[in-house]
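Asker: This is the structure I have questions about; it appears just below.
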Amino acid sequence: MTTTRRVRARRGEGVLLREEILRAAEALLDESGSEDALTLRAVAMRAGVSTPSVYLHFADKDALVEAVCMRVWGEFGRMFTENLGGDPFIALGKCARAYARFALDHPVQYRVLMMRASTGPGVPPAAAECFRHMVNAVSACVETRVLEGDPEELALGLWSAVHGCVSLLIAQPSFPWPRDREALIDHIVRMAGFGTALYSRLPQQLPPSAELAEALDDFGARLVPDAGGSEI
């Protein structure tokens, strides 16, 4: 581990010191692949400051780890919004796939921010931002009536499906998942998207399964796109 001796910060340089601490913590996270390496002492040594200096900016290890992981969240927002535009239902599918890819490309950050219990009151910033992006994408689908219902309720269901998929992939790496991870994600996204579109139109009482299967076969046949069709 490389340690850099740092000159004592002058008055007004607190923001710069905080940034140095975050960069040091980010480097340790990248090298270790685990938040366990981010002890305040280890981060202080990497940044070339005293441990009390770290405490001036972060109350405890949890606060430091969360701040480090949030540094990649701007990339998440860009990936999500870049897929908006055009047909809203197709865009929703693209956004969901971008969400899954981001989570799997940053498993440590995603686990810290989205897969462990909140330590403070209120909704954590990462969760709030995820939900806001999902609601925006779903709202566009509600406006065109491809989805029907309350955008927040619909978004919560879709978010739960995608989050569940990536959380299992991250938390259970030894499970015999299909080799084609993209195909699995595509399957979950399509199932959640089409399921949501259909669910909002279903009556409370459904016909017997044989009749339902026949009706669904007919529905699927009528959805075969022409040359201008697109996949969700």
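Asker: Residues 175, 131: which one is in contact with a Leu (Cβ under 9 Å, 6 or more places away or on another chain), open to solvent by less than 60 Å² (accessible area, probe 1.4 Å) and either aromatic (Phe, Trp, Tyr) or not in a helix (DSSP H, G or I) (or both)?
Answerer: Of 175, 131, the one residue that is in contact with a Leu (Cβ under 9 Å, 6 or more places away or on another chain), open to solvent by less than 60 Å² (accessible area, probe 1.4 Å) and either aromatic (Phe, Trp, Tyr) or not in a helix (DSSP H, G or I) (or both) is 131.
Asker: How many residues are within 16 Å of residue 62 (Cα to Cα) and of a type in the set (Gly, Ala, Ser) if we restrict to the stretch 82-121?
Answerer: 3
Asker: Under 8 Å by Cβ, and 6 or more places apart or on different chains, what pairs join a residue from the stretch 23-40 that is within 17 Å of residue 51 (Cβ to Cβ) with one that is open to solvent by 50 Å² or more (accessible area, probe 1.4 Å) and in a loop (DSSP other than H, G, I, E, B)?
Answerer: Matching pairs, first to second residue: 40/60.
Asker: Among the residues that make up the stretch 89-105, is at least one of them out of contact with any Leu (no Cβ under 9 Å at 6 or more places or on another chain) and more than 30 Å from residue 148 (Cα to Cα)?
Answerer: The answer is yes, given that some residue of the stretch 89-105 is out of contact with any Leu (no Cβ under 9 Å at 6 or more places or on another chain) and more than 30 Å from residue 148 (Cα to Cα).
Asker: List every residue pair whose Cβ atoms lie under 8 Å apart, where the two residues are 6 or more positions apart in sequence or sit on different chains, the first residue falls within the stretch 168-192 and is free of Cβ contacts under 8 Å to residues at least 24 places away in the same chain, and the second residue, located anywhere, is in a loop (DSSP other than H, G, I, E, B) and surrounded by 12 or more Cβ atoms within 10 Å (Cβ to Cβ).
Answerer: What qualifies is 184/177.
Asker: Go through 135, 123, 142, 65 for me and flag whichever is among the β-branched types (Val, Ile, Thr) and free of Cβ contacts under 8 Å to residues at least 12 places away in the same chain.
Answerer: Being among the β-branched types (Val, Ile, Thr) and free of Cβ contacts under 8 Å to residues at least 12 places away in the same chain holds for just one of 135, 123, 142, 65, which is 123.
Asker: In the stretch 73-123, which residues are more than 22 Å from residue 29 (Cβ to Cβ) and either part of a loop (DSSP other than H, G, I, E, B) or in contact with a Cys (Cβ under 7 Å, 6 or more places away or on another chain) (or both)?
Answerer: If the condition is that a residue be more than 22 Å from residue 29 (Cβ to Cβ) and either part of a loop (DSSP other than H, G, I, E, B) or in contact with a Cys (Cβ under 7 Å, 6 or more places away or on another chain) (or both), then 80, 83, 84, 85, 86, 87, 88, 89, 92, 121, 122, 123 are the ones that fit.
Asker: Given the conditions (1) surrounded by 19 or more Cβ atoms within 10 Å (Cβ to Cβ); (2) of a type outside the set (Lys, Arg); (3) touching a residue at least 40 places away in the same chain (Cβ under 8 Å), which single one is not true for residue 102?
Answerer: The one condition residue 102 does not meet is (3).
Asker: Take residue 156 and tell me if it is surrounded by 10 or more Cβ atoms within 10 Å (Cβ to Cβ), farther than 28 Å from residue 34 by Cα and free of Cβ contacts under 8 Å to residues at least 12 places away in the same chain.
Answerer: no
Asker: If you don't mind, there's one more thing I want to ask. Mind counting the residues in the stretch 46-57 that are open to solvent by 20 Å² or more (accessible area, probe 1.4 Å) and not in a helix (DSSP H, G or I)?
Answerer: 4
Asker: Looking at residue 43, is it without any contact (Cβ under 8 Å) to a residue 24 or more places away in the chain and surrounded by 15 or more Cβ atoms within 10 Å (Cβ to Cβ)?
Answerer: Criteria met by residue 43.
The values are calculated or read from the model by the stated rules, or taken from the named source; none is laboratory data. Bear in mind the structure is a predicted one, so any value in this text is a computation, not a measurement. As a convention, Cβ positions derive from the backbone with ideal geometry for all residues, glycine included, and neighbour counts pool all protein chains shown. Each accessible area value is taken on the protein alone, full model and side chains, heavy atoms only, with ligands, DNA and RNA left out. Shrake-Rupley method; radii C 1.70, N 1.55, O 1.52, S 1.80 Å.
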